[in-house]
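Just below is one structure, and these are the notes that go with it.
Bear in mind that the values in this text are calculations on the coordinates, not laboratory data. Please read these numbers as outputs of a predicted model, since none were measured by experiment. Ideal geometry is used to build each Cβ from the backbone, glycine not excepted, and the neighbour counts take in all protein chains shown.
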Amino acid sequence: MIDASLQRHPKTLTEAASAAALNEEFQQELIAIGDWWIEHAIDREQGGFYGEIRPDNTPIKTATKGIVLNTRILWFFSEVAAVVDKPAYRDAAVRAYDYLVEYFLDREFGGVYWELDAQDKPVNTKKQTYAQAFAVYALCSYYKLTGDEHAMAHALECFALLEEKTIDRVNEGYFEAFTREWGKMDDVRLSDKDLNYPKSMNTHLHVLEAYTTLNKAKPGEQIKQALRYNIDCFDKYLINKDNGHLRMFLTETWEDFSPGFTYGHDIECSWLLSKALNSLKDPQVTQRMTPGIIKLADITLQEAMGKYGEVLDAFDFASGEKLTERVWWVQAEALVGFLNVYTLTRDERYLTVAKNVWAFIKQYQRDSQHGEWLWLSTLDSDHDEEAYKVGFWKGPYHNGRAMLEAINFIKKIG
């Protein structure tokens, strides 16, 4: 269970007070996120959780229900229930698990569907590699919470399908998407904002995250080697070692067609790779990869910081300009990424910028009126974008995960 005390004592009383204060704030925010989702997101009429909720907390009861949102809800409540003693959190994890197994699992062809309607019927049955990875990730967390062997069996089934169906046996890496029957598709995009290329960094990143978790939950040689394979893909193909950015969209032979740099993914990748290396436990691979991890974070610090302490969204090659929107998930990943690189380097710059990002989140990203975090910060109201508070791409994952990870990093820093 969460303990407000630190595991180790920092060197000075001032540092101890600062670390303790941060620790308390992160714990309080974690619980605030969990409580908001319990109060507002449960669909008690049609089952599971609402597919969309507006910024003022009004649910859209007719909204479709996506696998990304539902696996992220399952992951979050499985993780938070393990550290916060609130029965409602465990109940929410069970609810999310039961809903996923009942409605998203494809019992004929395996894997999980992409999207259901509000009445729980499949409306998009494609098999996105990204989604199968999130199913593995979430099911592993539920297994860790409950010890339910059925959950692990489902996770291993999705893992086996990923390894059998989605790997490029000629050029390495993972293909983006398939039909329900695991056939080829013309349009493999993850979302309307993505480019239609057969490989993407984002899909590889979340396969990496899933295998990091699976390797801890159910250690085995096949899983360990799959994790190693994913790490190698980043090392060989996905990290541009010249500029310290990620290659976003790629051909089968790894030609780069990225439209720009995405700073949120850069900093997110840096700490997820660190976590993967900790799971793999191979000192030689860790030594080889760590300089690149630090560079990803350092380039973000050099290029992406806004004047309020936030991390900007992206750099667009076509316009030659930075996209200055402040997006909720980018701030969450920046907080964790800079805390991680501080623990690797003990360079005070990274701790300072992490604190600045957190200060920005508290002032501009959290919704002080209705709770949870806004898609765009309050500084971005001129964009006139009324993005949902809950929806296909916004769950309790980025901000909830950031609080869980930040608590752990504060303990390490202490």
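When Glu348, Glu325 are arranged by Cβ crowding within 10 Å, least crowded first, meaning fewest neighbours, the order is Glu348, Glu325. Here's the list of lysines a cross-link from Lys121 could span, going by alpha-carbon distance under 17 Å and ignoring same-chain residues fewer than 8 apart: Lys61, Lys65. Over the chain, the reciprocal of the mean inverse Cα-Cα separation, the Kirkwood hydrodynamic radius, stands at 21.6 Å.
Residue pairs exceeding 24 angstrom between C-alpha atoms, taken from Lys224/Lys295; Lys193/Lys322; Lys126/Lys193; Lys144/Lys295: Lys224/Lys295; Lys144/Lys295.
Candidate cross-link partners of Lys355 among the lysines, defined by an alpha-carbon separation under 18 Å and a same-chain spacing of 8 or more, comprise Lys307, Lys411, Lys412. A Gaussian network model of the chain, with springs between Cα atoms under 10 Å, assigns the largest mean-square fluctuation among Leu339, Leu22, Leu205 to Leu22. Ranked by how many other Cβ atoms sit within 10 Å of their own Cβ, fewest first, the residues Tyr308, Tyr263, Tyr97, Tyr130 fall in the order Tyr308, Tyr130, Tyr97, Tyr263. If you take the charge dipole of the chain about its Cα centre, with +1 on Lys and Arg Cβ and -1 on Asp and Glu Cβ, which of Thr64, Phe26, Val188 is farthest toward its positive end? So the residue furthest toward the plus end is Phe26.
Computed from point charges on the beta carbon alone (+1 for Lys and Arg, -1 for Asp and Glu), the dipole magnitude for the chain about its Cα centre is near 1200 Debye.
With a 10 Å Cβ neighbour count serving as the proxy for reagent exposure, in which order, fewest first, do Thr166, Thr378 appear?
Working: Thr166 22, Thr378 13.
Going from sparsest to densest Cβ surroundings: Thr378, Thr166.
If I take all pairs of Cα atoms in the range 273-375, what percentage of them are more than 22 Å from each other? All intermediate terms of the calculation are to be shown ahead of the outcome.
Numbers: 2010 of 5253 pairs.
That tail contains 38 percent of the Cα-Cα pairs.
The GNM of the chain, with springs linking C-alpha atoms under 10 angstrom apart, assigns the highest mean-square fluctuation among Glu221, Glu255, Glu172 to Glu221. Taking every Cα-Cα distance in the range 47-160 and sorting them into 10 Å bins from zero, the calculated P(r) comes out as 15, 47, 32, 6, 0 percent.
Of Lys295, Lys199, Lys307, the residue with the greatest mean-square motion in the GNM of the chain, using alpha carbon springs below 10 Å, is Lys307.
Taking a ≥ b ≥ c as the square roots of the eigenvalues of the alpha-carbon gyration tensor, the range 106-187 is classed oblate because a/c is 1.5 or more while a/b is no larger than b/c. Partner aspartates and glutamates whose Cα lies under 16 Å from the Cα of Lys281, excluding those fewer than 8 positions away in the same chain, are identified as Glu209, Glu221, Asp232. Its Kirkwood hydrodynamic radius, worked out from the mean inverse distance over all distinct Cα pairs, puts the range 211-358 at 15.9 Å. Farthest toward the dipole's positive end in the range 245-285, which of Gly260, Leu280, Phe249, given Cβ charges of +1 (Lys, Arg) and -1 (Asp, Glu) about the Cα centre? The Cα lying farthest towards the positive end belongs to Leu280.
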